[in-house]
Structures are given as structure tokens and as C-alpha cells.
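See below for the structure under consideration.
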Amino acid sequence: MIAYKSAFFAANNRELIRKAKKRTSNTEDSLVNNMWAYLLISAVSGLIAFKLALILYRRRKYPEPHFDWESIDLDEISFPENFLWGTATAAHQIEGNLTNNWTVHEENKNLEKSGEACNHWNLWKDDFQMLTDLGLTSYRFSIEWSRLEPEEGSWNNEAMDIYSQMIDDLISRRIRPTVTLHHFSHPVWWEEKGGFADENNLDHFLSYCERVFDALSDRVDVWCTINEPTVFSTMGYTLGQFPPGKRSIRLTLKVMRNLMRGHAMVYRSLKSKRPEVRIGIAKNVTLFDPLNRWSPIDWPVSRLLDWLWNGAWRKGIITGKMLFSKIPQAKDSLDFVGLNYYTHFLTGLFMPTSTDELEFAKRPHEIATEFGYPMYAEGFRRAIEFVAPLNVPIEITENGVADAQDSLRPEHLKRHLWIISEAIKEGYNITSYHHWSLMDNFEWAEGYSMRFGLHEVDFNTQKRTLRPSGELYRSIIHNSKSK
Ligand code: BGC
């Protein structure tokens with residue numbers, strides 16, 4: 001009986017222990033489950049809190065000001081006595097009848113052909129009279145490498161002589177020649193070697209620049225090495241809309257670095273020849289703002305693009321390091337910075353990958369320019385603030401708007417000049433303004449559809465007509481000079 005009882009108790013105990021164990025393991029399981037759920041909830045809410053904090057931080061750090069322009073007196077502007085008033089052009093856009101990387105691209109991509117352009121190569125004397133009539137004191141234009149060295153190593157001295165005559169003529173008009181050495185175009189033979197995509201090609205670029213410098217620097221004091229390196233590299237190698245029409249991020253980064261190397265090489269060499277000249281670069285500062293300022297996606301996209309477009313370049317000049325490469329000779333390689341400003345881009349997740357897909361977003365109250373992007377003069381001030389840490393004088397080397405009817409340009413001009421005037425009052429060292437452009441011209445991939453001129457050009461007759469905005473600019477210059 002005792003044995004039976006103890007067997008019974010033993011069995012009962014085992015059963016109790018088993019049940020107890022099961023209960024414990026159920027409790028443990030649910031504890032573990034709860035812990036995971038808790039961790040997950042904490043991680044997600046931590047992430048949300050972090051993202052929100054980051055958004056709040058970025059909203060504060062990168063404000064996007066918009067002014068009530070109605071309440072601003074745009075006539076309240078003043079400029080220093082020695083401030084220079086100018087316009088800007090580029091060889092391929094105005095000279096006409098060239099053979100270069102662009103004409104090949106126009107043919108290959110079946111674009112509108114640059115052809116005769118403004119026939120400026122033959123009409124430059126008349127065009128320079130327009131500069132005088134506007135009262136300008138500086139004129140920014142570019143030299144066409146493909147004219148001077150159409151075949152590798154064979155130089156066209158007659159073409160150099162025409163550029164030399166242009167310089168003399170400008171000086172006799174008391175207009176400062178402001179010369180750009182590379183404005184998007186170069187000889188076909190150099191493009192065939194890979195252009196800026198191959199570092200070995202930079203020696204050719206350097207010897208072209210040295211040659212021009214040797215011929216003209218006795219009269220030209222201010223030089224831009226390269227126009228808009230970031231536009232050149234992204235349009236030609238990411239979006240494929242400029243020659244050579246490629247689409248590769250790897251190549252884009254390579255070209256960006258080589259443009260920096262090319263600029264630095266030219267800067268060092270020309271400075272060693274004549275330390276007294278001033279050498280800079282024309283940098284397009286486009287601002288990237290998030291389309292939705294509360295979006296956790298739009299913010300990183302806009303910061304990344306801003307870094308690639310603007311930040312990496314500025315870091316290159318300040319530190320001599322750019323996009324994971326050391327370019328020590330680039331450090332402090334500017335005597336002035338040329339600032340080209342047009343607009344801001346509102347960026348989100350679905351960014352266009354070619355300009356055909358480009359549909360520019362704009363804020364509801366912003367006015368769209370003919371190009372599609374918004375007029376955002378407030379951003380001009382931000383662009384000035386962006387280049388200020390370079391600690392060199394700022395020359396505005398380009399600013400303007402496509403507007404065939406001239407309905408927006410007067411307001412555009414006034415707002416942007418007001419921004420400069422305010423910035424100067426607050427201590428920014430801005431020494432010149434060059435309006436883009438003197439006259440309508442060949443607008444690259446857009447052909448002749450975009451009209452940026454203070455003068456309208458009839459491309460059938462080559463007649464130039466001053467637009468009302470041109471008259472406005474003339475009177476602003478006149479008033480400023482007579483103050
Ligand atoms: C370029 C000019 C161009 C202008 C208007 C600038 O990016 O330097 O060549 O015509 O913008 O689009």
C-alpha cells in the first residue's frame with residue numbers, strides 16, 4: 001500500500017513538476033516575446049524621434065527664406081563707386097561657325113544646330129558698341145580653344161589676333177576684359193582623347209591656357225579658368241544632355257576631380273608667370289531644398305545633392321581634398337570666386353535622371369521662369385553666404401533669366417540687384433555683377449528656344465534690339481555711377 005502510495009505521489013509530483021515547468025516556460029516565452037515587442041517599439045519610436053529631431057535640426061540649420069517682395073522697395077539700392085557693371089557671354093553660344101565637341105554633339109543627338117549663332121565673330125565690333133551703350137565697365141566672354149588649336153599642335157595665330165584686337169577694343173572703351181578659358185566647349189581631337197575624363201589630357205588643357213595667357217595677359221587682369229565645373233560634369237556625364245552625352249556616376253565623379261585638378265594646374269602655372277593677375281573660376285551655386293520640409297526622405301536627398309553639387313567643390317578649394325582624392329594644389333587656388341546664380345531645385349525621392357524628364361517643382365507663390373525653374377532671388381543671398389567662407393572677393397559672373405517677352409526680366413533684375421546691394425551693405429565683398437546675357441544666344445541643349453538677352457536677336461537678320469530690361473539695366477548703371 002505504502003509502495004503504491006509513494007508511486008502515486010511520485011507520479012503526481014512528476015505531473016505537477018511537468019505542469020509547473022510548462023507554466024514557467026510559457027511565462028518565459030511570453031516574457032521573451034514581450035521583451036522583443038518592447039525592444040521593437042522602443043527602436044521604432046527611437047528612430048522616429050531621431051528622424052524628427054533631425055528634421056527639426058535641418059529645418060533650423062537650412063532655412064528656406066521667402067520674402068514678401070511687395071513690401072520691399074527695390075529702388076533702395078546702392079553700390080560702391082568702384083563696383084563693376086557687366087554682361088557675360090560664351091564663345092560657342094555667340095561666335096558662330098565652330099567645329100568642336102558641341103557641334104559634334106548637336107549632330108549626334110539631332111539637336112538644334114548652333115550654326116551661325118549670333119555671328120559675333122564677324123560682328124563683334126558692333127556688339128562691343130552695345131556694351132558701351134549700356135554703360136558697362138566689365139565684359140565677361142570666353143576664348144574658343146577649338147578656334148586656336150583646331151588640330152592637335154597646330155595653332156591658328158590669326159584667331160588669336162582677333163581675340164587680341166577684342167581686348168584692345170574693350171580697353172579703349174574702358175571696359176574690363178574678364179576672360180574665361182573654358183566655357184563648356186573644346187576641340188574635337190581633345191574630346192576624342194577623352195577630354196576631362198582622362199587626367200593625362202590635362203597637359204593639353206594647360207598648354208592651351210598658357211598660350212592664351214602669354215598672348216593676352218599683358219592686358220587682361222582677370223581670368224576664369226573653367227565655367228561651372230559641376231554643370232559641365234553632371235550635364236555631360238550623368239544626365240547626358242551635354243557632350244559627350246554619357247550617363248555614368250563613376251565618370252561624373254572622375255570628371256569632377258579632373259576639372260578641379262585642371263583648374264588648380266592652370267591657376268598655379270599662370271600665377272607663377274604673373275603673380276599680379278587675378279584668377280578665379282565661375283561656380284554655379286544651385287541650391288537644393290527639400291520639396292517637403294517635413295519629409296524624412298526629401299531632406300537627405302537634398303543634402304546629398306547639395307554636397308555633390310556645392311559642398312564637395314568648396315571643400316576641395318578650402319582643403320585640397322575632394323571626393324575621396326587629394327588635390328593639394330587646389331587648396332587656396334582662387335584670387336576671387338565667380339558666382340553664377342539662377343535658382344533653387346526642390347528635391348524629393350523621384351528625381352529626374354535626364355533633363356527631358358525635368359519638371360521643375362516650385363512653391364505655390366513662386367513664379368516659374370521660361371526654363372521651368374522658379375525665380376528665387378532669396379536664394380541669391382544664400383549662394384553668396386555659401387561662397388563667403390572661401391575668403392576671397394566675390395564677382396557675380398552670371399545671373400539672368402530666359403524670358404522672350406521680357407515680362408519677368410525687369411523684376412528679376414531688380415530683385416537680384418537688391419539682394420546684392422543688401423549683401424554689400426552687410427559687409428560681403430562683392431565687386432561686380434555680370435548679367436547673363438548681353439544678347440539672345442545658343443542655349444546649349446535648348447537651342448535657340450531660351451532667350452536670355454538684354455538684347456533680342458533676330459536670328460534671320462542678326463539684328464539686335466535692346467529690350468526694356470536692357471534699358472532698365474542701363475538706367476540702374478547710370479544712376480549708380482552718378483551717385
Ligand atoms: C551657363 C551659360 C548658360 C546659362 C543659362 C549657365 O549655366 O554658364 O552658358 O547659357 O547658364 O542657362
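Binning all Cα-Cα separations of the stretch 133-278 at 5 Å, short to long from zero, yields these whole-percent fractions: 2, 9, 19, 21, 19, 14, 9, 5, 1, 0. Here the chain is treated as a sphere whose radius is the Kirkwood value from Cα pairs; by Stokes-Einstein at 10 °C and 1.306 mPa s it diffuses with a coefficient of 64 µm²/s. So what does log10 I(q)/I(0) come out to for the stretch 231-337 at q = 0.13, 0.16 Å⁻¹, using the Debye formula with one equal point on every Cα and no solvent? For the requested q values the scattering log ratios are -0.55, -0.79. With the charge dipole of the chain set up from +1 on Lys and Arg Cβ and -1 on Asp and Glu Cβ about the Cα centre, the Cα lying farthest toward the positive end among the listed residues W418, S475, W102 is that of W418. Calculated translational diffusion coefficient of the stretch 92-134 (4 °C, 1.567 mPa s; Stokes-Einstein with Kirkwood radius over alpha-carbon pairs) equals 115 µm²/s. Principal-axis analysis of the Cα atoms of the chain puts helix 120-134 at an angle of about 90° to the longest axis. Taking the number of Cβ atoms within 10 Å of each Cβ as an exposure proxy, the fewest-first ranking of Y163, Y38, Y62 is Y38, Y62, Y163.
Quick one: of K113/K271; K246/K283; K109/K273; K246/K273; K51/K425; K51/K315, which pairs are farther than 31 Å apart, Cα to Cα? Pairs exceeding 31 Å: K113/K271; K109/K273; K246/K273; K51/K425. Annotation note: trypsin sites (Lys or Arg not before Pro) in the stretch 115-187 located in DSSP loop regions with a Cβ neighbour count of at most 12 within 10 Å are R174. Compared with the dominant Cα axis of the chain, that is its longest principal axis, helix 2-61 is turned about 20°. Overall, the anisotropy analysis places the stretch 379-445 in the prolate class: the square-rooted eigenvalues a ≥ b ≥ c of its C-alpha gyration tensor yield a/c not less than 1.5, with a/b exceeding b/c. In terms of other Cβ atoms within 10 Å, K463, K483, K193 run from fewest to most in the order K483, K463, K193. Taking a sphere under 14 Å around the Cβ of H455 and counting the other residues whose Cβ falls inside, with K and R at +1 and D and E at -1, yields a net charge of -3. Computed about the Cα centre, the dipole magnitude for the chain is approximately 3560 debye when only Lys and Arg (+1) and Asp and Glu (-1) carry charge, each at its Cβ.
Look at the dipole of the chain built from charges on Cβ: of T461, T178, T319, the Cα furthest out on the positive end belongs to T319.
Spacing of the modelled spin labels on S78 and I318, each 7 Å from Cα toward Cβ, amounts to 3.3 nm. Cα axis of helix 249-273 to longest principal axis of the chain: angle in degrees, 0 to 90, nearest 10? Its long axis makes an angle of about 40 degrees. Each other residue within a Cβ distance under 11 Å of R382 adds +1 if Lys or Arg and -1 if Asp or Glu, for a net charge of -4.
Sorted ascending by nearby beta carbons within 10 Å, beginning with the fewest, V401, V277 become V277, V401.
Any read-out appearing in this document is the output of simple, stated calculations on the displayed coordinates, not a laboratory observation. Quick caveat: nothing in here was measured; it's all calculated off a predicted structure. Please note: Cβ atoms are built from the backbone with ideal geometry, for glycine as well, and neighbour counts cover all protein chains shown.
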